[in-house]
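S.K.: This structure is in structure tokens; I'll ask about it shortly.
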Amino acid sequence: MALSVLWAGLVILSTGFGAASGRMDAVADAALSGAASAVEICVSMAGAVCLWSGVMEFMRQAGLIEILSNFLRPFLILLFPNAGRDAETMAALSGNFSANLLGLGNAATPLGIRAALRMARDSENHTASDELCRLVILNTASVQFIPATAAALRSAAGCRTPFDILPAVWITSILSVTAGLVADFIFRRVFK
């Protein structure tokens, strides 16, 4: 709601300033070129999402996702001991984290939602459990080894080396996950 008000306000202000300065033609040109750029980026992103979704499906059929999930399972059971008792929740968590590691937020989201819904079934008084909050923290921080979506956006914007951000992505991913888990640990101790 707040963003809708913000964007509406910006459109009204820019149109008003364009009219007051007698430059409505420049406002119209900017609006049309912005819309054209948005369509170009959407088409580029659709191609990248299709490519990486195909890679993810290939990995699933080849059994690579299962290998990655099995590799992640001990770590996930440590973070989510209650969810570890349910095979379906664990499968959704493993898939979610596998997709996030590959930078496929679009593929990770449905799995994260499935895991969250399964975790919420067991919650008391319709409040989020510690594990559900931890899932939100980890999905927000999102450790990525291959930032596929960010690289696709950079490529669509004309970057010749879209993956040169890898070291920065790795460092910030590790720092953000660490900060989120430390905050989770501290707040659980303080507010229990």
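The values are calculated or read from the model by the stated rules, or taken from the named source; none is laboratory data. What you see is a predicted model; the values in this text were computed from it and never measured. Here Cβ is always computed from backbone atoms with ideal geometry, including for glycine, and neighbour counts include all displayed protein chains. When the accessible area is computed, the model is the full protein with side chains, heavy atoms only, and any ligands, DNA or RNA have been set aside. Shrake-Rupley method; radii C 1.70, N 1.55, O 1.52, S 1.80 Å.
S.K.: How about region 1-98: which trypsin sites (Lys or Arg not before Pro) there lie in a loop by DSSP and see at most 16 other Cβ atoms within 10 Å?
M.R.: Passing sites in region 1-98 are Arg23.
S.K.: Right, another one. Per 5 Å bin, what percent of the C-alpha pairs of region 77-125 does each bin hold, from zero upward?
M.R.: Percent of Cα pairs in each bin: 5, 25, 29, 22, 14, 5, 1, 0.
S.K.: Which angle between 0 and 90 degrees, to the nearest 10, do you get for helix 130-141 versus the longest principal axis of the chain when only C-alpha atoms count?
M.R.: 40
S.K.: Helix-only mean residue ellipticity at 222 nm, the chain, DSSP H runs n ≥ 4 weighted -39,500 (n - 2.57), per residue, nearest 500. What is it?
M.R.: -27000 deg cm²/dmol
S.K.: Expected output is a single nm value to one decimal: the length gained when fully extending between Leu153 and Ile77, i.e. 0.36 nm times separation in residues minus the C-alpha distance. What is it?
M.R.: 24.0 nm
S.K.: Using the Cα gyration tensor of region 99-192, with a ≥ b ≥ c the square roots of its eigenvalues, what is the shape: rounded (a/c below 1.5), prolate (a/b larger than b/c) or oblate (neither)?
M.R.: In terms of gyration-tensor shape, oblate.
S.K.: Would you kindly state how much longer the chain becomes between Ser44 and Asn106 on full extension, computed as 0.36 nm times their sequence separation minus their alpha carbon distance, in nm to one decimal?
M.R.: 20.9 nm
S.K.: Within region 57-186, what whole-number % of the accessible surface is contributed by carbon and sulfur, with the 1.4 Å probe and all protein chains included in the calculation?
M.R.: 67
S.K.: Further, regarding this structure: So, in Å, what gap is there between the alpha-carbon centers of region 120-191 and region 25-46?
M.R.: Result: 30 Å between the Cα centres.
S.K.: Could you provide, to the nearest whole Å², the per residue accessible area of region 47-192 with probe 1.4 Å?
M.R.: Roughly 59 Å² per residue, with all protein chains present.
S.K.: Next up: Residues of region 1-18 with the amide nitrogen closer than 18 Å to a label point 7 Å from the Cα of Ala28, along Cα-to-Cβ, please.
M.R.: Zone members listed by number: 12, 14-18.
S.K.: Right, here's the next one. Hey, what do the phi angles of region 152-159 turn into as Karplus ³J(HN,Hα) couplings, whole Hz, using 6.51/-1.76/1.60 and θ = phi - 60°, x for Gly and Pro?
M.R.: Each residue of region 152-159 in turn: 5, 5, 5, 5, 5, 7, x, 6 Hz.
S.K.: Follow-up question, since we're still on this one. Kirkwood Rh, Cα Rg: Rg to Rh for region 1-71?
M.R.: Details: Rg = 21.6 Å, Rh = 15.9 Å.
Here Rg/Rh amounts to 1.36.
S.K.: For the pair Trp7 and Asn125, how long in nm is the line joining their label points, each one 7 Å along Cα→Cβ?
M.R.: Going by the 7 Å Cα→Cβ label model, 3.7 nm.
S.K.: I need the phi-derived Karplus couplings for region 176-184: 6.51 cos²θ - 1.76 cosθ + 1.60, θ = phi - 60°, integer Hz, Gly and Pro marked x.
M.R.: 5, 5, 4, 4, x, 5, 5, 4, 4
S.K.: Stick to the Cα atoms of the chain, pair each with every other, and give me the Kirkwood hydrodynamic radius in Å at one decimal.
M.R.: Across the chain, the inverse of the average 1/r is 19.5 Å.
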